[in-house]
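Quick note: the coordinates plus some simple rules give every number you see, no bench work behind them. It should be emphasised that the depicted structure is a prediction, and the values quoted were computed from it without experimental measurement. Backbone-built Cβ (ideal geometry, glycine too); neighbour counts: all protein chains shown.
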Amino acid sequence: MKKLVFASVLFMSVFFAHAQVSVNINIGTPPNWGPQGYDDSRYYYLPDIDIYYDVAQSQYIYDNNGRWVRERRLPAKYRQYDLYSGYKVVLNDYKGDAPYSYHSRHRASYPKGYHGTPQKTRGEKPAKKNKSHGNQKHDNRDKNNSKKQSNKDHGSHNDRH
């Protein structure tokens, strides 16, 4: 009887251990520009630029002269594209490694400019560094010019205190 109980406990522990391993799949951390509420999704389709994003691999997938390529960066012609504002179609129904096998369907269903339900991004959009730096230089020049002008005005008065 003890052997039967031991075998049952052993079988159940192996079964539950296997179930836990198959359930806990870490597919990668979604980017901050990804849509909120879809942490378990592997692919996004970006209709504005006709590119896929693989969350698990942190790679963009796009057609390069008839050949699908994977890169960690957007292609040069889309590097100015605002990933935070652009719409992301979350592909929950695809589980393979080649979402582009349904590219014709995705492109027809989600044309450039497509916007479905409103999306919030997972993180805040980073502030632009160059813009504030450029304005700061300009503001300093204006302040210096104002001080010079103010000194000229004071110098031209003959009032003595």
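I'd like the FRET efficiency for residue 80 and residue 40, computed as 1/(1 + (r/R0)^6) with the beta carbon distance as r and R0 of 30 Å, rounded to 0.05.
So, using R0 = 30 Å, E works out to roughly 0.50.
Want the number for residue 109 to residue 125: 0.36 nm per residue separation, take away the alpha-carbon distance, what's left?
Fully extending the segment from residue 109 to residue 125 adds 3.0 nm.
Can you compute the charge dipole magnitude of region 25-109 about its Cα centre, using +1 on each Lys and Arg Cβ and -1 on each Asp and Glu Cβ, nothing else charged? Give it in debye, rounded to the nearest 20.
Using only the charged Cβ atoms, the result is roughly 240 debye.
Could you bin all the Cα-Cα distances of region 25-109 into 5 Å bins starting at 0 and give me the percent of pairs in each, rounded to whole numbers?
3, 14, 28, 28, 20, 6, 1
With θ set to phi - 60° and the Karplus curve 6.51 cos²θ - 1.76 cosθ + 1.60, what are the ³J(HN,Hα) couplings of region 106-115 in order, to the nearest whole Hz, using x for Gly and Pro?
5, 5, 6, 6, 10, x, 3, x, 5, 9
Exceeding 20 Å between C-alpha atoms, which entries from my cross-link table qualify? They are 95/125; 88/125; 88/129; 77/120.
From the list (95/125; 88/125; 88/129; 77/120), the Cα-Cα distance tops 20 Å for 95/125; 88/129; 77/120.
Can you list the residues, at least 5 places off or on another chain, whose amide H is less than 5 Å from the amide H of residue 122, using H built in the peptide plane?
Result for residue 122 returns 34, 36.
Counting Lys and Arg as +1 and Asp and Glu as -1, what is the net charge of the other residues whose Cβ lies under 12 Å from the Cβ of residue 121?
Computed value for this residue: +2.
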